[in-house]
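All remarks here apply to the structure that follows.
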Amino acid sequence: MSTRKSQPCMRSEIYCHGELLHQVQMAKLYQDDKQFVDMPLSIAPEQVLQTFTELSRDHNHSIPREQLQAFVQEHFQAKGQELQPWTPADWKDSPQFLQKISDAKLRVWAGQLHQLWKKLGKKMKPEVLSHPERFSLIYSEHPFIVPGGRFVEFYYCYGHVPNGGRVYYLQRSQPPLLTLMMDCYLTHTNDTTFLQENIETLALELDFWTKNRTVSVSLEGKNYLLNRYYVPYGGPRPESYSKDTELADTLPEGDREALWAELKAGAESGWDFSSRWLIGGPNPNSLSGIRTSKLVPVDLNAFLCQAEELMSKFYSRLGNDSQATKYRTLRAQRLAALNAVLWDEETGAWFDYDLENKKKNQDFYPSNLTPLWAGCFSDPGVADKALKYLEDSRILTYQYGIPTSLQKTGQQWDFPNAWAPLQDLVIRGLAKAPLPRAQEVAFQLAQNWIRTNFDVYSQKSAMYEKYDISNGGQPGGGGEYEVQVSRPGVGWPMPYRELLGSAAHDPHPRPQCAHLHVGPGDELTGASYTAGVRQGQCPWGESPQPPPRVWGFPRNRAPLPRLSQEGFGWTNGVVLMLLDRYGDRLTSGAQLAFLDPHCLAATLLPSLLFSLLSR
C-alpha cells in the first residue's frame, strides 16, 4: 500500500499495455476481454514477448486471427489455473442462524446458499509467489472469497487499496470500506491486538483519499472539502480493452485519453456504468459523455464520514488521544460539508453535487440515502424525511426490489436493474431509525427482496448479481458482459425440490391494499446500485459496462461452452444477512405489492399489536 500517486501499469507489457494486448483484444478472441488478461503465462514473459514480436513483424504488425489464437493457446494457460479450493478452518455446515428462520423453504434455501461459500473460497497456488511475472493475479498468502462468475480474484479488500487483485487494477481503488470492515471484525472478535497491528494501514488508505481524491466546493462564501472518484491515467482498461477502444473511436483523438480516465473513475466508483455519471454533460445519452470526476458522490463521502468516526473510536480504544481528536475533527468537518453541499431540506435526501454546473443532481439513486446507512447526519428527524422521500419518489411501489435509478439507459447501474448491496443500504438505514414506521418499511423491503431471490432460485437454481425488477424479478441485464450467477453446482437435493413443490403458506399474513396491486404486466420504472455490505463482505468488484449493446461472438468462431458459474458473493451475502435479521418473519409465499402511506398504516398496526402482546 502506498499513498504516492499510482503509476501507469508497468508491471507487464502483456496484461496492462502494449502491442500484444492490443492485437489480442481487438481480434476479439474471447467474448469477454477479461478472459485474456486473466490467463496465466506458460513460460517467462520475456520469451512470450520475443516470440510475439517476431510473429508480429513477419505479418506487418497485424497477425491473422487464426495464428494469433494459436499463439495464445500455446503460450497461455486457462483462466483460474492458479487457484485452488479453500474451506475456512472454522467452517460449520449448519450455522446457528439457520435455526432462526421459521419458513421451512427459506431455511433449506439458506442452507444451500451457505454452502456456496465453500465454492467461492479460494487460495493461490505456490507458483503465483515463485513466478509472479507469469500472472496478472497479485499474490496473497491468505485465502479469500471471490465474487464468482468472471470475477475470480479478490476485490478491493487489502492500502492505495487497489480495485482488485490483478496488476491491471492497480491504477484505481474502490469505495473505501476497509475501515468499516475492521469495525465489523472487532464487533465479532474484540481483537484489539489485530487493530493495533493494522490501524496504520487504515490511516494510510484514508490519507490516499485525502491527498489524491479531494476537491474544494465554494458555497455562500465558505469552502468545503469533499471527495470524488478520479483516476488521472488514460489508456483503455485492459479487461475491457476492445470496448474502450471502439468507444473512443467515436471521439476526436484529443479527447480519447480523457474518456479513458473517466471510464476508470467510473470503475473506481463501483457504478460502472450509470446515468449518474452522464447527467449534466453535453452528451448524457452516450457513455462517451461520461464525467465521473466532475461529480461529488453522496455515497463516497458518507463512507469516508463513517470511516473517520470509526478511526476516532479506534484510536481512543488504543489510548491515542491526539489521533482520536484528529479524526473526530475531520468527521465534524465532513458532516458540515455534507449538510451544506449535498443535503436538500425540501426533498429530504442527499444528492451528488455537479462541480461544473454547480448544482445538485436531484435524480433518484439509492446512494442518495447512504448517510442514513452510515449514521452521518445531525438532524434527528432525518429518517422520517428519508422515508417521505422514498414515498414521494414512488420507490416503495416496486414489488421486486429497489431500483438503482429511474433512468432507462441500457447501463447496468440503471433501470431496470436492482443490486443486492443497494437493497442492504436502504434496508439497514431504515432499520436503524428509532421509528416503528421506518422499521416496518425496512422489513417489507427485505421481504420483497428475499422473495425475488427465492423465486428466481426456485426457477433457475441460481443466484444472480442483479435482477430486472420490471420483469417479475428476473435476472438483470445491460452493460458489456452477461449477468453473473451463482449455482449450487449439481442441482438441488430431492427434499428441497419437494418443498418447492408444496403449497406456499405464509405464517405471518399481512393486510394488502387491493387497489395497489402491481402485476407483472404493469408499467414500472426504476433501477439499482452497490453501496456497501458492511457485514464482513468485500463487495466492490470490477464491473465494466459501456453502452446499451449486446456483444456477440466474433465471426467464424463458435460460442465458448457456458461454464457453470459457482457464485456471486454479494447477492448470497445480502440474502443471508436479511435471513439472519428477519428470519422469524420472512416468508416464501407469493410476492406482495409494496405499500403506499395508506396501506403502510394498515400493515403497521398488526405489527405493533403483535409486539405489545408478545411483551
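The values are calculated or read from the model by the stated rules, or taken from the named source; none is laboratory data. From a predicted model like this one, the values you see are computed outputs, not experimental measurements. Please note: Cβ atoms are built from the backbone with ideal geometry, for glycine as well, and neighbour counts cover all protein chains shown.
A single member of T250, T292 is farther than 22 Å from P176 by Cα and in contact with a helix residue (DSSP H, G or I) (Cβ under 7 Å, 6 or more places away or on another chain), and it is T250.
Counting only residues that are modelled with pLDDT of 95 or more and either over 26 Å from L586 (Cα atoms) or in contact with a Phe, Trp or Tyr (Cβ under 7 Å, 6 or more places away or on another chain) (or both), segment 86-98 holds 2 of them.
Residue under question is N223, and the condition is that it be polar (S, T, N, Q) and more than 30 Å from T329 (Cα to Cα); does it hold? No.
Quick grid of which residues meet (1) among the acidic types (D, E); (2) within 33 Å of the chain's Cα centre (by Cα):
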site: S12; (1), (2): no, yes
site: A27; (1), (2): no, yes
site: L41; (1), (2): no, yes
site: Q50; (1), (2): no, no
site: L55; (1), (2): no, no
site: E66; (1), (2): yes, no
site: V72; (1), (2): no, yes
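For segment 244-258, indicate whether the set of residues that are surrounded by 24 or more Cβ atoms within 10 Å (Cβ to Cβ) and either in a helix (DSSP H, G or I) or of a type in the set (V, I, T) (or both) is non-empty. Yes, segment 244-258 contains at least one residue that is surrounded by 24 or more Cβ atoms within 10 Å (Cβ to Cβ) and either in a helix (DSSP H, G or I) or of a type in the set (V, I, T) (or both). Based on this model, can you work out whether L406 counts as among the aliphatic types (A, V, I, L, M), within 21 Å of the chain's Cα centre (by Cα) and surrounded by fewer than 24 Cβ atoms within 10 Å (Cβ to Cβ)? Against the criterion (among the aliphatic types (A, V, I, L, M), within 21 Å of the chain's Cα centre (by Cα) and surrounded by fewer than 24 Cβ atoms within 10 Å (Cβ to Cβ)), L406 qualifies.
Only a single item in (1) within 20 Å of the chain's Cα centre (by Cα); (2) more than 24 Å from F314 (Cα to Cα); (3) among the charged types (D, E, K, R) is not met by D183, and it is number (2). Looking only at segment 367-380, filter to residues that are assigned to a helix (DSSP H, G or I) and closer than 16 Å to D344 by Cβ; which one of those is nearest to the chain's Cα centre (by Cα)? If we take residues in segment 367-380 being assigned to a helix (DSSP H, G or I) and closer than 16 Å to D344 by Cβ, then S367 is nearest to the chain's Cα centre (by Cα). Within segment 232-285, being under 19 Å from the mean Cα position of the chain (by Cα), farther than 24 Å from E19 by Cβ and of a type in the set (S, T, N, Q) holds for S269, S274, S275.
Being of a type in the set (A, V, I, L, M, F, W, C), under 27 Å from W260 (Cβ atoms) and part of a loop (DSSP other than H, G, I, E, B) holds for only one residue in V161, V215, and it is V161.
Scan segment 480-497 and give yes if some residue there is among the basic types (K, R), under 24 Å from the mean Cα position of the chain (by Cα), modelled with pLDDT under 90 and within 29 Å of V382 (Cα to Cα), otherwise no. Scanning segment 480-497 turns up no residue that is among the basic types (K, R), under 24 Å from the mean Cα position of the chain (by Cα), modelled with pLDDT under 90 and within 29 Å of V382 (Cα to Cα).
Is it the case that I101 is hydrophobic (A, V, I, L, M, F, W, C), touching a Lys or Arg at 6+ places or on another chain (Cβ under 7 Å) and modelled with pLDDT of 95 or more? So I101 fits the description; yes. The residues on offer are A433, A438, and the sole one that is surrounded by fewer than 23 Cβ atoms within 10 Å (Cβ to Cβ), aliphatic (A, V, I, L, M) and in a helix (DSSP H, G or I) is A438. Would you check if there is a residue in segment 261-272 being in contact with a helix residue (DSSP H, G or I) (Cβ under 7 Å, 6 or more places away or on another chain), crowded, with 21+ Cβ neighbours inside 10 Å and among the aliphatic types (A, V, I, L, M)? Yes, the conditions are met somewhere in segment 261-272.
Taking the criterion of being in contact with a strand residue (DSSP E or B) (Cβ under 9 Å, 6 or more places away or on another chain) and crowded, with 20+ Cβ neighbours inside 10 Å, would at least one residue in segment 178-191 satisfy it? No: segment 178-191 contains no residue that is in contact with a strand residue (DSSP E or B) (Cβ under 9 Å, 6 or more places away or on another chain) and crowded, with 20+ Cβ neighbours inside 10 Å. Checked against (1) of a type in the set (D, E); (2) touching a Pro at 6+ places or on another chain (Cβ under 9 Å); (3) assigned to a helix (DSSP H, G or I), E262 passes all but condition (2). The condition of being of a type in the set (A, V, I, L, M, F, W, C) and assigned to a strand (DSSP E or B) holds for only one of A418, A383, that being A418. Scanning segment 218-233 for residues that are of a type outside the set (S, T, N, Q) and buried (at least 18 other Cβ atoms within 10 Å of the Cβ) returns Y224, L226, R228, Y229, Y230, V231. One residue stands out in segment 329-360 among those that are part of a loop (DSSP other than H, G, I, E, B) and surrounded by fewer than 21 Cβ atoms within 10 Å (Cβ to Cβ): the one that is nearest to the chain's Cα centre (by Cα), namely L355.
If you go through segment 69-96 and pick out every residue that is surrounded by 13 or more Cβ atoms within 10 Å (Cβ to Cβ) and in contact with a His (Cβ under 9 Å, 6 or more places away or on another chain), you end up with 1.
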